[in-house]
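Notes to accompany the following structure.
What follows is calculated from the coordinates using simple rules that are stated; it is not laboratory data. Because the structure is a prediction, the values reported are computed rather than measured. Reconstructed Cβ throughout: ideal geometry from the backbone, glycine too, with neighbour counts over all protein chains shown.
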Amino acid sequence: MSKKNSLIICMVAALSLFVEMGCATKKYVKQQVDPVSGRVDELTEVSKRNENAIKDVDSRAQSGIQSVQAKATEVDGKAMAADQKALEAQQMAKNAEGKISGVETSLNQKISNIDSYKPVENASVTFKFNHSDLSDEAKASLDQLAGKVKDSKGYVLEIQGFTDNVGADSYNLGLSQKRSENVVRYLSQQHQIPLFRMFILGLGEAKQVEDNKTKAGRAANRRVEITLLKSEIESMSSSK
């Protein structure tokens, strides 16, 4: 064998050895790198899962915070509404107290005024037996009385009806009441005297003015008495 061929053979053998060593190195490197790469991929997957979990927790936390804030705002609104209602209730209570105080003052004044009313005039109208209609003479007496209180203030009319002693007590009470009511109706309709200024009562055969044993006495007892009462304050103002 020539030297040239020996040299070629040696070079081929060296190249083969180098290639074989290269392959072995690549295989070794691959064997070393593949587990590391797998571990890196695993860590990357774990990292992604953790990141997603963190995002989920953060999202739920933010949602919870917003819900709490919304409820807190709602509670604050209800508290403000409750405070407003409390203030309104206090104001209403103060207004009510003021009105009650005003009513009490007015009532006390009216009670005081009642005590100041004094009788200044009396009138009496009579009726036929078992009748409650007003006669022309009775109307004339009522016209005269109404003329004295026309356009006046501070007066009341006390109107009491009576009967004789003929008939049952219950019937006489009803009849005396009808006589009083007819007097009130006439004064209201014909002379526009306010109803609140007239007080009526049917007393039946009570308070007789004459003896019922006589015809004239019974006729006198079938009557309605009207008493004019005036406030002393009004009487003093009228006299000035």
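Descriptive notes on the structure:
- Loop-located trypsin sites (Lys or Arg not before Pro) in segment 119-204 whose Cβ has at most 11 other Cβ within 10 Å (DSSP): Lys128, Lys150
- In segment 118-239, lysine pairs closer than 12 Å at Cα, eight or more apart or cross-chain: 4
- Gly202 long-range amide H proximity, modeled H, under 5 Å: Gly161
- Using θ = phi - 60° in the Karplus curve 6.51 cos²θ - 1.76 cosθ + 1.60, the 3J(HN,Hα) couplings for segment 165-178 round to 9, 8, x, 6, 4, 5, 5, 5, 4, x, 5, 5, 5, 4 Hz; x is entered for Gly and Pro.
- Label point distance in nm, Ser59-Thr214, each placed 7 Å from Cα along Cα→Cβ: 11.8 nm
- Phi to ³J(HN,Hα) by Karplus 6.51 cos²θ - 1.76 cosθ + 1.60 over segment 145-153, Hz, x for Gly, Pro: 5, 4, x, 7, 10, 4, 6, 8, 10
- Between Arg197 and Ala140, the FRET efficiency estimated from the beta carbon spacing at R0 = 22 angstrom works out to 0.55.
- Relative to its Kirkwood radius, the Cα radius of gyration of segment 118-239 gives an Rg/Rh of 1.00.
- Length gained on full extension, Lys148 to Ser170: 4.4 nm, using 0.36 nm per residue less the C-alpha separation.
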